[in-house]
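Single-structure report; data block below.
The values are calculated or read from the model by the stated rules, or taken from the named source; none is laboratory data. Predicted, not measured: the structure shown is a model, and the values here were computed from it. Counting neighbours? That spans all protein chains shown, and the Cβs are built from the backbone with ideal geometry, glycine included. Remember, those area values only see protein heavy atoms, side chains included, never the ligands or the DNA or RNA. Shrake-Rupley method; radii C 1.70, N 1.55, O 1.52, S 1.80 Å.
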Amino acid sequence: MREDSIARNYAETLFELAERHEGAESFGSGIEMVGDLMEDPTVREFFGTPRVSAARKKSALERALGGSVPTMLLRFLKVVIDRGRQRLIPECARQYRALLERHLGLRHMEVTVARPLDAVQLENLGAQLSSATGATVIPHLRVRPDIIGGIVIREGDTVYDGSLKRQLDALRRRLMSVELQRQER
């Protein structure tokens, strides 16, 4: 199993655990803090090296986090260490954040336009996308002049291409198809 899939499974398990106990939001800030902490090279090296026993790692984690994160989150992190998967904690934190945002009705969409949008246009775009999806959409804007006009929206693996370039390409293909059909007659 790939590491991102394993991290997603851990995040889903943690999310279910959080919903049964203190709540998904309280665990969210805690796992995010731990994920950020694990990004530090010194901390990552300490938790990543097999020369340091799991007991020492769990003790250090408890001293560093005791009282500042929910007890069940700390227990979960100790299980992750026992299984030797502590290097996945930053990715697990990212996956957890995505689950929490989905739970809260937030959706991130990559929006590609031909020209930069001003703040009002971006706000209107976010409102229109939110209205269309029934969720609060957070647009992440990219500017690519080569799409000529229109808009391309990407959410995960789903792409909605309303670009002028795609429409012109489709028109060109249709015209070429009609021309080929005439020549064949």
Among ALA93, PHE46, MET72, the residue whose Cα sits farthest towards the positive end of the charge dipole of region 1-118, when +1 is placed on the Cβ of each Lys and Arg and -1 on the Cβ of each Asp and Glu, is PHE46
Note to self, the chain gives a 222 nm [θ] from helices alone (DSSP H runs n ≥ 4, -39500 (n - 2.57) apiece, / all residues, nearest 500) of -20500 deg cm²/dmol
A correct Karplus calculation of ³J(HN,Hα) over region 43-57, with 6.51 cos²θ - 1.76 cosθ + 1.60, θ = phi - 60°, whole Hz and x for Gly and Pro, returns 5, 4, 5, 4, 6, x, 7, x, 6, 9, 5, 4, 4, 5, 5
Non-local residues with an amide H under 5 Å from the amide H of MET109, with H modelled 1.01 Å from N and Pro and chain starts lacking one, are ILE138, HIS140
FRET efficiency (ALA98, VAL178; Cβ distance; R0 30 Å; to 0.05) is 0.05
Computed about the Cα centre, the charge dipole of region 40-153 from +1 Lys/Arg and -1 Asp/Glu charges at the Cβ has a magnitude in debye, to the nearest 20, of 780
Expressed in angstrom and ordered largest first, the alpha-carbon extents of region 26-112 along the principal axes are 47, 28, 20
For region 106-113, Karplus-derived ³J(HN,Hα) couplings (6.51, -1.76, 1.60; θ = phi - 60°; whole Hz; x for glycine and proline) come out as 9, 10, 9, 10, 8, 10, 10, 10
Carbon/sulfur accessible area of the chain, % of total, 1.4 Å probe, equals 51
PRO145 neighbourhood, Cβ < 13 Å, K/R = +1, D/E = -1, net charge +3
Non-local residues with an amide H under 5 Å from the amide H of ILE151, with H modelled 1.01 Å from N and Pro and chain starts lacking one, are GLY162, SER163, LEU164
Counting only protein heavy atoms and rolling a 1.4 Å probe, one gets per residue an accessible area for the chain in Å² of 64
By the Kirkwood definition, with r running over pairs of different Cα atoms, region 100-185 has a hydrodynamic radius in Å of 14.7
In order over region 6-21: 3J(HN,Hα) from phi, Karplus 6.51/-1.76/1.60, θ = phi - 60°, whole Hz, x for each Gly or Pro, gives 5, 4, 5, 4, 4, 5, 5, 5, 4, 4, 4, 4, 5, 5, 7, 10
Evaluated at 20 °C and 1.002 mPa s, the Stokes-Einstein D of the chain based on the Kirkwood radius over Cα pairs, in µm²/s, stands at 108
